[in-house]
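So the structure is just underneath, and the comments pick up after that.
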Amino acid sequence: MGANSSSICELPENVYLKRLSGAEAVSENDPFWNQLLSFSFTAPTSSAELKLLEEATISICKSLVENNPRTGNLGALIKVFLSRTKELKISAECQNHLFIWQAHNALFIICCLLKVFICQMSEEELQLHFTYEERMPGSYGVECEDLIEELLCCLIQLIVEIPLLDITYSISLEAVTTLVVFLSCQLFHKEILRESVIHKYLMRGRCLPYTSRLVKTLLYNFIRQERSPPPGSHVFQQQTDGGGLLYGFASGVATGLWTVFTLGGVGSKPAPQQEQSSPLANQSLLLLLVLANLTDAPDTPNPYRQAIMSFKNTQDSTAFPSPSPHAFQINFNSLYTALCEQQKSDQATLLLYILLHQNSNVRTYMLARTDMENLVLPILEILYHVEERNSHHVYMALIILLILTEDDGFNRSIHEVDKYLHTNCLAALANMSAQFRSLHQYAAQRIISLFSLLSKKHNKVLEQATQTLRGSLSSDDSPLPDYAQDLNVIEEVIRMMLEIINSCLTNSLHHNPNLVYALLYKRDLFEQFRTHPSFQDIMQNIDLVIGFFSSRLEQAGAQLSVERVLEIIKQGAVALPKDRLRKFPELKFKYVEEEQPEEFFIPYVWSLVYNSAVALYWNPQDIQLFTMDSG
């Protein structure tokens, strides 16, 4: 970087970077900073280029790590940035392009250096590098942590206070990204971080009053999906006098320096249509998820999670409960629309899960919508294209369906718009079964087909167990496989399928002739379970229905058309004595969160950050935290 750089390969010899990282201390008032921050740089657009960027600056970063304890140049750079941010809001209002451009460049350098420092050292060592000042060797300052807290607080203020314009888009994105990098210490620990200096600053002290505003701003960034400024909105023109790409970044603001953060590879699986997404929206969502999953301090609950749990609709005029210090209001209609449109990404689905599971205001609002199909169909699409999704995305989708189907009103309304849920989600099917209405013939067939597959699996395991047992009578080989456990699992699922069918028959038989038709067509499947001790009770009703309608069909004669069979079923549904059907307790399955959800959600969130299209390049060999697979 620096005003004379025109390519990545020149960075190690750049005079400005060499002075920044060298043995000479640079005062924060030195004109050098204006020269350093007037750099040009062609933004990398691939993970390979990002890797080259990191490799090209290794010597610079290594030199800074070695010399900073004596020079304090990292702290001086941060102080230069902090001094310039004090005028950013006015600069945005006055269209002071040059001032914003140099402030952005300062933050870009800080972010790149910070990422390398975090990769290479502990939080304690990182703290020391923020406290070093120009002084004699061996003499260190006593102000330990103020500069980190001041920088964190400044970044938050920048995000929540600077208006989002074409000229401020890149610095807003840079601020969000830098906060993600600050929190990325987790990537380099095998265990969940429960004691962290950065966490402490964000959840206490000067940053705490900004909690609700930060969460609200990040949500609105996600809602708005603002893309990087279009061509023609740049603020500087590229020089063509042979002096390299001077002001190359400024002239390329149309695509934005954010492309430096396109990870795009190294084990990642790009999201569909990633190139059309909003980098600020995506990075804001990642930061929001990271903040929401910070572990509680021993005496302080996570304030960002509290804010997410308690915010309300802007149209809700009721007073906030007194113990909600971080509550705020946001437009639920806009939030709902954004969630419906963005479910192709893991992070959007995870946000939907968090809101449904933890914010009762959001859950109540969504369940009251009359257009729930706009949300349900994208979730079903995740399940339909399961081979294209990673297992954790599918898991989140299933849990969301399970949460939704806990509500009877949802189960009724989802059938009123002629939609049905994927048959793999058995718990959701069970919740809905008592209120099935006008099941499509395909849905009815799939329910019976799933039962058929389970029956075949049950028979196969029984056959394997029998053959193994016979072979063991004349052999003293290794212990027998535990077929009893396999059978137990299969029988539990079969029992659940029978309960779903029975619930529909006893509560809404006359509304579902297609299910009765499918049941009669495959009646032989149920013969083997009639006397099975695990299913005798639930089979009584199914046997009764099969027998009743089979008798009526026999009386009607042979060679019946499908239409005639359905007509007989509809007539028989009215005539069937309901008092002969045994009543069972209503099926209701609820989602129960794991006792230690951090063990799943924190690695999951950081895997999304690691694989994000707008994240910094991290060397996969350096990552210690278990990160989830991408497919």
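Data for the structure
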{"quantity": "Filtered residue count, the range 294-326, keeping only those that are among the aromatic types (F, W, Y) and either within 24 Å of V197 (Cα to Cα) or modelled with pLDDT of 85 or more (or both)", "calculated": "2"}
{"quantity": "Test: residue in the range 83-106 that is farther than 16 Å from E28 by Cα and under 31 Å from the mean Cα position of the chain (by Cα)", "calculated": "yes"}
{"quantity": "Residues located in the range 491-517, provided they are open to solvent by 30 Å² or more (accessible area, probe 1.4 Å) and of a type in the set (A, V, I, L, M, F, W, C)", "calculated": "V493, M496"}
{"quantity": "Hey, L566 in contact (Cβ under 8 Å) with a residue 40 or more places away in the chain and surrounded by 12 or more Cβ atoms within 10 Å (Cβ to Cβ) or not", "calculated": "yes"}
{"quantity": "Positions within the range 167-192 being among the hydrophobic types (A, V, I, L, M, F, W, C) and not in a loop (DSSP other than H, G, I, E, B), in sequence order", "calculated": "I171, L173, A175, V176, L179, V180, V181, F182, L183, C185, L187, F188"}
{"quantity": "Members of the range 47-70 found to be at pLDDT below 90, open to solvent by less than 40 Å² (accessible area, probe 1.4 Å) and among the aliphatic types (A, V, I, L, M), listed by number", "calculated": "L50, L53, A56"}
{"quantity": "Members of the range 376-392 that are surrounded by fewer than 20 Cβ atoms within 10 Å (Cβ to Cβ) and either closer than 23 Å to S612 by Cβ or aliphatic (A, V, I, L, M) (or both)", "calculated": "L377, P378, L380, E381, L383, H385, V386, E387, E388, N390, S391"}
{"quantity": "Identity of the residue in the range 294-312, among the hydroxyl-bearing types (S, T, Y) and within 20 Å of L179 (Cβ to Cβ), that ends up surrounded by the most Cβ atoms within 10 Å (Cβ to Cβ)", "calculated": "Y304"}
{"quantity": "Matching helices (runs of 4 or more DSSP H) fully within the range 51-97 where at least 3 residues are small (G, A, S) and under 22 Å from L147 (Cβ atoms)", "calculated": "73-85"}
{"quantity": "Some residue of the range 294-317 being in contact (Cβ under 8 Å) with a residue 60 or more places away in the chain, assigned to a helix (DSSP H, G or I) and among the aliphatic types (A, V, I, L, M)", "calculated": "yes"}
{"quantity": "Tally, over the range 322-374, of residues that are among the polar types (S, T, N, Q), touching a Lys or Arg at 6+ places or on another chain (Cβ under 7 Å) and farther than 26 Å from Y604 by Cα", "calculated": "1"}
{"quantity": "Test set (1) without any contact (Cβ under 8 Å) to a residue 12 or more places away in the chain; (2) closer than 28 Å to R412 by Cβ; (3) open to solvent by 70 Å² or more (accessible area, probe 1.4 Å) - V574 fails condition number", "calculated": "(1)"}
{"quantity": "The range 193-220, subset in contact with a strand residue (DSSP E or B) (Cβ under 9 Å, 6 or more places away or on another chain) and outside any helix (DSSP H, G or I), residue surrounded by the most Cβ atoms within 10 Å (Cβ to Cβ)", "calculated": "R204"}
{"quantity": "Qualifying residues in the range 523-555 (those that are part of a loop (DSSP other than H, G, I, E, B) and within 43 Å of the chain's Cα centre (by Cα)) - the one modelled with the lowest pLDDT", "calculated": "S534"}
{"quantity": "Residue pairs meeting the criteria (Cβ under 7 Å; at least 6 apart or on separate chains; first under 15 Å from D524 (Cα atoms), in the range 441-466; second open to solvent by 60 Å² or more (accessible area, probe 1.4 Å) and not small (G, A, S))", "calculated": "I448/K522; S452/K522"}
{"quantity": "Members of the range 16-30 that are open to solvent by less than 90 Å² (accessible area, probe 1.4 Å) and in a helix (DSSP H, G or I)", "calculated": "Y16, L17, R19, L20, S21"}
{"quantity": "Some residue of the range 354-372 being surrounded by 22 or more Cβ atoms within 10 Å (Cβ to Cβ), in a loop (DSSP other than H, G, I, E, B) and of a type outside the set (D, E, K, R)", "calculated": "no"}
{"quantity": "Breaking point among (1) surrounded by fewer than 17 Cβ atoms within 10 Å (Cβ to Cβ); (2) part of a loop (DSSP other than H, G, I, E, B), for E406", "calculated": "(1)"}
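The values are calculated or read from the model by the stated rules, or taken from the named source; none is laboratory data. Everything quoted here is computed from the prediction, not taken from an experiment. We place every Cβ from the backbone using ideal geometry, glycine too, and count neighbours over all the protein chains shown. Side chains included, ligands, DNA and RNA excluded: accessible areas come from the protein's heavy atoms. Shrake-Rupley method; radii C 1.70, N 1.55, O 1.52, S 1.80 Å.
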